[in-house]
Every structure is written in C-alpha cells, then in structure tokens.
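Colleague: I am attaching a structure below and will ask some questions about it afterwards.
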Amino acid sequence: MKFPVIIAVRFGSTRLPGKCLLPFLDGSCMLDEIIKRVKSSNLVDLICIATTMNVEDDALEDYAIRNDLKCFRGSEKNVADRVYQAAKSLNAEYFFEVLGDNPLIDPFFFQVLYEAYSTNCNLKYASFNTVEYNFNDKTVFPVGVRIQLVKTDEFIRILETNNDYFYEHATSFFYNKIDQKDYVLIENFKNNDCEKFNLAVNTIDDFYLVASVINESTNYRWENSVELYKLLK
C-alpha cells in the first residue's frame with residue numbers, strides 16, 4: 001500500500017515571501033528539493049500541492065501543472081481545512097504531510113511511519129517529535145526534517161475545535177494525545193542535542209544556509225544534514 005503526500009505551502013510569508021520557489025545556484029528551488037526527496041521513497045503514490053486561493057499562489061498551481069502534480073487550493077488561514085479538503089479530493093484514507101519550508105526532510109521517515117501503520121491499522125497520527133509543539137518531554141529531532149502520517153478523518157476533530165491556533169498549526173492538536181496508543185510520536189534516541197537546530201527555512205539567512213547544506217550533502221539522512229548544518233553555520 002502507498003499513500004499520497006500533501007505539501008502544505010503558500011507563496012506569502014511575512015519574513016521571506018516566495019521562499020518555496022526561490023532559486024538555488026543550480027536553478028532548482030526548495031519545492032524541487034522536497035519533491036526529489038519525496039519521490040525517492042517507494043511508499044508514495046502521488047504528490048499534491050495544497051495552497052491558497054490567493055492570486056500570488058497561481059504560481060504554485062502553475063508549478064504543479066508543469067511538474068505533473070496534483071494541486072488543491074483552499075483557505076489561507078485555516079490550514080487544517082485546506083489540508084483536509086485536499087486529502088478528501090484525493091479520496092485518501094491516510095496521507096503523508098510535508099511542509100513547504102522543509103527542504104531537508106529525511107525520506108527514510110516514510111518507511112518508519114509506514115511500519116508504525118503496519119503494526120497498528122487503527123493508527124490515527126504518527127510523526128517525529130520536535131520542539132515545534134513543545135507539549136511533552138520526549139527527546140526530539142531537529143525542526144525541519146520531519147514527515148507526518150495522518151488519518152484523514154482525524155482532521156474533522158481539529159475543525160470541530162473552533163480554535164484558530166489549531167486551524168493554523170493543525171497537527172499540534174495531536175501532540176497532546178501521545179499517551180493514547182493510536183497517536184505516535186517517535187523519539188530521537190541518537191542525539192539529544194537536536195533541540196538547538198532549526199533546519200526549516202524562515203529567513204533569507206536560513207535559505208542560504210540550507211542551500212549550502214543541500215549542495216554539500218551526499219545523502220538525505222537527517223544526521224548528515226545536521227552535521228553539515230553545524231559545520232556550515
């Protein structure tokens with residue numbers, strides 16, 4: 001069984017507008033890097049760009065068309081509804097979610113999440129613990145490398161909260177449910193120093209640093225990205 005990947009992304013950003021399509025020196029962009037990493041997994045059947053109805057995001061729909069990807073356009077502020085409606089449009093019972101400012105995702109995580117699903121067919125949510133939603137004391141992975149696996153209908157519970165924070169930061173809703181067996185957060189037992197590192201791209205300095213990491217990388221593993229990040233920073 002394979003699952004679709006939904007990439008939640010928009011062109012607007014207060015700190016770095018258009019960052020998802022900013023070109024690296026070789027002419028590729030962050031979305032190119034994300035999609036290359038996603039396609040390296042044999043557990044993905046299709047990729048969908050979930051963006052907004054804003055005119056500026058026409059560029060992302062054009063990108064999807066050029067690259068033979070699905071595209072769903074929905075609410076700008078209610079990300080939970082946008083992602084949920086995208087998944088429904090794909091008739092997906094489960095989907096992987098990736099964020100559009102995380103070009104250093106580790107594709108091996110698809111396999112780890114799939115194994116979590118395989119051992120619990122009632123799984124509702126699985127991901128890798130990070131400090132983005134600091135609701136627990138589990139050891140963490142660096143921000144910017146995680147992938148998430150979600151049962152589509154679980155998003156209905158987020159939408160029923162009528163909570164703007166959960167609408168914008170949808171999967172944070174699941175982080176306070178990790179004591180329930182159908183919600184899984186995978187801990188990082190290899191390196192307890194990772195709370196210091198944010199490999200997501202939010203500023204132009206982040207962009208240049210991540211571009212350098214990508215240029216120097218010999219593989220897609222998160223440990224390699226962290227070591228290069230530390231060296232280059």
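The values are calculated or read from the model by the stated rules, or taken from the named source; none is laboratory data. The model shown is predicted, which means the values in this text are computed figures rather than measured ones. Cβ placement follows ideal geometry from the backbone for every residue including glycine, while neighbour counts extend to all protein chains displayed.
Colleague: Restricting attention to the range 72-81, does a residue exist that is closer than 23 Å to Asp164 by Cα, out of contact with any His (no Cβ under 6 Å at 6 or more places or on another chain), surrounded by fewer than 14 Cβ atoms within 10 Å (Cβ to Cβ) and among the charged types (D, E, K, R)? Walk me through how you get there before you give the answer.
Modeller: Taking the range 72-81 as the starting set, the residues that turn out to be closer than 23 Å to Asp164 by Cα are 72-81.
In the following step, the residues that additionally are out of contact with any His (no Cβ under 6 Å at 6 or more places or on another chain) were identified as 72-81.
Subset that is surrounded by fewer than 14 Cβ atoms within 10 Å (Cβ to Cβ): 77.
Those left that are additionally among the charged types (D, E, K, R): 77.
Scanning the range 72-81, I find at least one residue that is closer than 23 Å to Asp164 by Cα, out of contact with any His (no Cβ under 6 Å at 6 or more places or on another chain), surrounded by fewer than 14 Cβ atoms within 10 Å (Cβ to Cβ) and among the charged types (D, E, K, R), so the answer is yes.
Colleague: When only residues in the range 203-229 that are touching a residue at least 40 places away in the same chain (Cβ under 8 Å) and in a loop (DSSP other than H, G, I, E, B) count, which is surrounded by the fewest Cβ atoms within 10 Å (Cβ to Cβ)?
Modeller: If we take residues in the range 203-229 being touching a residue at least 40 places away in the same chain (Cβ under 8 Å) and in a loop (DSSP other than H, G, I, E, B), then Thr203 is surrounded by the fewest Cβ atoms within 10 Å (Cβ to Cβ).
Colleague: If you don't mind, another one. Considering only residues of the range 38-55 that are touching a Pro at 6+ places or on another chain (Cβ under 8 Å) and not β-branched (Val, Ile, Thr), which is farthest from Phe95 (Cα to Cα)?
Modeller: First, the residues of the range 38-55 that are touching a Pro at 6+ places or on another chain (Cβ under 8 Å): 38, 40-41, 44-48.
Next, only the ones that are not β-branched (Val, Ile, Thr) stay: 40-41, 45-46, 48.
Working: Ser40: 17, Ser41: 14, Asp45: 10, Leu46: 10, Cys48: 10 Å.
Looking at residues that are touching a Pro at 6+ places or on another chain (Cβ under 8 Å) and not β-branched (Val, Ile, Thr), I get Ser40.
Colleague: Any chance you could count how many residues in the range 160-176 are over 24 Å from Asp106 (Cβ atoms) and buried (at least 16 other Cβ atoms within 10 Å of the Cβ)? Step through it out loud before you land on a result.
Modeller: Applying the first criterion (over 24 Å from Asp106 (Cβ atoms)) to the range 160-176 yields 160-168, 176.
Applying the additional criterion that residues be buried (at least 16 other Cβ atoms within 10 Å of the Cβ) yields 166-167.
Adding up the residues that qualify gives 2.
Colleague: On to the next question. Mind checking whether some residue in the range 29-43 is of a type in the set (S, T, N, Q) and within 17 Å of Arg82 (Cα to Cα)? I'd like the intermediate steps shown before the answer.
Modeller: So the first thing to find is which residues in the range 29-43 are of a type in the set (S, T, N, Q), and the list is 40-42.
Checking the rest, the ones that are also within 17 Å of Arg82 (Cα to Cα) come to none.
Checked the range 29-43: no residue is of a type in the set (S, T, N, Q) and within 17 Å of Arg82 (Cα to Cα).
Colleague: Among the residues of the range 30-52, write down those that are surrounded by 13 or more Cβ atoms within 10 Å (Cβ to Cβ) and not in a strand (DSSP E or B).
Modeller: Met30, Leu31, Asp32, Glu33, Ile34, Ile35, Lys36, Arg37, Val38, Ser41, Leu43
Colleague: Mind listing whichever residues of the range 125-152 are of a type in the set (Lys, Arg) and either buried (at least 20 other Cβ atoms within 10 Å of the Cβ) or at pLDDT below 85 (or both)?
Modeller: So in the range 125-152, the residues of a type in the set (Lys, Arg) come out as 138, 146, 151.
Within the range 125-152, Lys138, Arg146 qualify.
Each row is one residue, and each column tells you yes or no for (1) within 13 Å of Ile147 (Cβ to Cβ); (2) polar (S, T, N, Q); (3) in contact (Cβ under 8 Å) with a residue 60 or more places away in the chain.
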position: Cys20; (1), (2), (3): no, no, yes
position: Ile49; (1), (2), (3): no, no, no
position: Val55; (1), (2), (3): no, no, no
position: Arg66; (1), (2), (3): no, no, no
position: Gly74; (1), (2), (3): no, no, no
position: Asn78; (1), (2), (3): no, yes, yes
position: Ser89; (1), (2), (3): no, yes, no
position: Leu104; (1), (2), (3): yes, no, yes
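Colleague: Only one of Val98, Val83, Val112 is touching an Asp or Glu at 6+ places or on another chain (Cβ under 8 Å) and in contact (Cβ under 8 Å) with a residue 60 or more places away in the chain. Can you tell me which? Before the answer, list the steps.
Modeller: Working: Val98 fails: touching an Asp or Glu at 6+ places or on another chain (Cβ under 8 Å); Val112 fails: touching an Asp or Glu at 6+ places or on another chain (Cβ under 8 Å).
So the residue among Val98, Val83, Val112 that is touching an Asp or Glu at 6+ places or on another chain (Cβ under 8 Å) and in contact (Cβ under 8 Å) with a residue 60 or more places away in the chain is Val83.
Colleague: Is it fair to say Leu60 is over 13 Å from the mean Cα position of the chain (by Cα), closer than 20 Å to Ala200 by Cα and buried (at least 20 other Cβ atoms within 10 Å of the Cβ)?
Modeller: In short, yes.
Colleague: Keeping to the range 113-135, report how many residues are more than 18 Å from Ile6 (Cβ to Cβ) and within 15 Å of the chain's Cα centre (by Cα).
Modeller: Residues flagged as more than 18 Å from Ile6 (Cβ to Cβ) and within 15 Å of the chain's Cα centre (by Cα) within the range 113-135 amount to 4.
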